[in-house]
Amino acid sequence: MRRTLIALLLAAAVPVFAQQPPGLEPVPEPPPMPAEGTDIDEPEVTIVKRGEDTVTEYRVRGKLYMVKVTPPHGVPYYLIDKVGNGEMVRDDTAPTLAVPMWVLTSW
C-alpha cells in the first residue's frame, strides 16, 4: 500500500519537473556603485530648534542657500538666497498646488 502511494505521488510530480523552461539565462550583475567623489553635490541639512520655531538650514559646499522655518502653530515658510549674495528673501510666490491643464478635447 505504501509503495503504491509513493509511486502515485512520484508519478504526479514528474510533469511538474517537465514544465521548467529550458535555456534560462543568468541574471546580469548590477552596475558598480559610483565612487565617493562624484560631481553631484548633496545638500547638507541642519535642523535647529530656535525658541519654539524649528529651523532647517540647507547648504551646498558649506554655503547656505535655503532656510525653512516651521513655527509650532502655522504654515512653514522658506527663506531663499536667489542671487547667491547671502541675502535671504521670503519666497511665498511659489504655488502650493499646480493643477495640470491639458486639452482633452477641442472642436
Between Asp53 and Asp92, how many nm apart are label points set 7 Å from Cα along the C-beta direction?
-> 1.4
Return the distance in nm (one decimal) between the two label points of a simple spin-label model at Met1 and Thr46, each offset 7 Å from Cα along Cα→Cβ.
-> 8.2
Reachable lysines from Lys49, criterion Cα separation under 22 angstrom, eight or more residues apart if same chain = Lys63, Lys68
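Read the figures in this text as sums done on the coordinates, not as results from a lab. All of these numbers come straight from a predicted model, not from anything done at the bench. Here the Cβ is made from the backbone with ideal geometry for all residues, glycine too, and neighbour counts use every protein chain on show.
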